[in-house]
Amino acid sequence: MEFYGTIGPACADLETLRQMAAAGMTGIRMNLSHGSLADHADWLDLIRQAGIRQLLIDLQGPELRIGVLAEPIRLSIGEGLRLGAGGVPCPAPLIQAVQPGQKLLLDDGKLLAKVDAAEADALRCTVLRGGLLQSRKSIAAPGAVVDSPTLTAEDLENLKAAKKCGVTGVMLPFVRGAADIRALRAALAEAGGETIRIFAKVENLAGVNALPEFLPLVDQVVIARGDLGNAMPLWQLPACQKKLSAACHAAKVPFMVVTQLLDSMCERAVPTRAEVSDIYNAVLDGAASLMLTGETAAGRYPVQAMEYLVQTARTAL
């Protein structure tokens with residue numbers, strides 16, 4: 001079984017990475033929504049020095065994110081929020097795709113806004129659930145069809161450098177069907193990365209529905225519960241996860257479970273009972289891989305989180 005962490009400020013030092021590997025971490029993810037491979041030469045060097053052989057890069061793909069903010073913004077319930085020109089930067093295709101009344105989930109649903117008016121280059125919204133909005137956080141518009149490319153220009157540049165940088169796997173967000181996988185496979189081939197594995201992230205209903213058509217084309221499916229939980233009432237997410245797990249298991253395609261496996265450990269040294277039960281059940285369902293995200297990238301206890309992930313999973317094997 002494979003265990004992944006995510007590199008970020010909380011673990012980007014040699015000793016911490018070595019301790020995470022000693023705890024059982026078999027690979028690490030680099031989220032390229034926050035910078036390119038070229039921007040993270042220092043992290044790549046640390047990963048090599050720590051002896052971590054599996055490196056996954058998570059592309060931008062069709063994922064929607066807000067742009068870079070001068071500083072985090074504290075949003076309160078009932079206040080206005082402008083997305084686009086003259087406000088918080090956001091993707092132009094999103095502005096063109098949504099209508100008044102559309103709800104927008106930001107930062108994996110931690111914040112919620114409703115569109116009041118759609119202008120040519122901006123959306124005027126009201127905050128329904130407040131909190132701290134930071135740069136490059138996700139934004140989702142449940143039910144809206146947003147015309148986004150499979151691969152961005154930045155993705156293509158990262159793929160060209162992937163083999164040289166030691167990348168062993170590429171994660172494609174918001175897979176919508178077989179065409180997305182074929183586009184990535186072709187880009188990897190053009191870049192000389194034919195041996196690099198493809199991890200297809202299921203993060204919306206389009207991906208759930210299209211799973212049978214792209215299952216034969218991928219090396220691993222990623223059940224990415226953050227945005228997937230935004231695409232449906234949250235109480236429906238466990239059943240959806242079970243359905244996806246069963247489909248992958250039946251097709252003999254390995255799958256990964258990710259998002260908030262040990263979210264409480266961003267702040268606490270010990271996880272909740274619900275979290276360790278979640279990990280145990282994911283392994284019983286047949287998961288080939290488990291991955292931590294914010295727990296290791298930005299949490300206070302990256303090494304301890306990896307220890308709990310590995311030790312809990314091994315009790316189910």
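Going by the structure shown, is Glu267 out of contact with any Gly (no Cβ under 9 Å at 6 or more places or on another chain), closer than 21 Å to Met20 by Cα and of a type in the set (D, E, K, R)? The answer is no for Glu267. Taken together, the criteria place Ile95 among residues that are of a type in the set (A, V, I, L, M), in contact with a Gly (Cβ under 9 Å, 6 or more places away or on another chain) and either assigned by TED's automatic domain parsing to the domain that holds Pro233 or not in a loop (DSSP other than H, G, I, E, B) (or both). Is there a residue in the stretch 8-17 that is crowded, with 22+ Cβ neighbours inside 10 Å and within 27 Å of Pro149 (Cα to Cα)? Within the stretch 8-17, not a single residue is crowded, with 22+ Cβ neighbours inside 10 Å and within 27 Å of Pro149 (Cα to Cα). A single entry from Leu59, Leu69, Leu17 fulfils the requirement of being touching a residue at least 40 places away in the same chain (Cβ under 8 Å) and within 23 Å of Glu295 (Cβ to Cβ): Leu59. Taken over the stretch 20-45, the criterion of being part of a loop (DSSP other than H, G, I, E, B), in contact (Cβ under 8 Å) with a residue 24 or more places away in the chain and either outside the structural domain of Val253 (by TED's automatic domain parsing) or under 22 Å from Glu63 (Cβ atoms) (or both) is satisfied by Ser36, Leu37.
Scanning the stretch 120-146 for residues that are of a type in the set (Lys, Arg) and either without any contact (Cβ under 8 Å) to a residue 40 or more places away in the chain or out of contact with any helix residue (DSSP H, G or I) (no Cβ under 9 Å at 6 or more places or on another chain) (or both) gives Arg124, Arg129, Lys137. Listed by position, the helices (runs of 4 or more DSSP H) enclosed by the stretch 249-317 that each have at least 3 residues that are among the β-branched types (Val, Ile, Thr) and closer than 21 Å to Ile28 by Cβ are 302-316.
With the requirement that a residue be farther than 19 Å from Ala250 by Cβ, of a type in the set (Gly, Ala, Ser) and surrounded by 13 or more Cβ atoms within 10 Å (Cβ to Cβ), what does the stretch 180-213 give you? Scanning the stretch 180-213 gives Ala183, Ala187, Ala191, Gly192, Gly193, Ala206.
Give the stretch 78-91 a look and list any residue that's in contact (Cβ under 8 Å) with a residue 24 or more places away in the chain and surrounded by 12 or more Cβ atoms within 10 Å (Cβ to Cβ), or say none. If the condition is that a residue be in contact (Cβ under 8 Å) with a residue 24 or more places away in the chain and surrounded by 12 or more Cβ atoms within 10 Å (Cβ to Cβ), then Glu79, Gly80, Leu81, Arg82, Leu83, Gly84, Ala85, Gly87, Val88, Cys90, Pro91 are the ones that fit.
The values are calculated or read from the model by the stated rules, or taken from the named source; none is laboratory data. Because the structure is predicted, anything quoted here is derived from the model rather than measured. Neighbour counts are summed over all protein chains in view; Cβ atoms, including those assigned to glycine, are modelled from backbone coordinates with ideal geometry.
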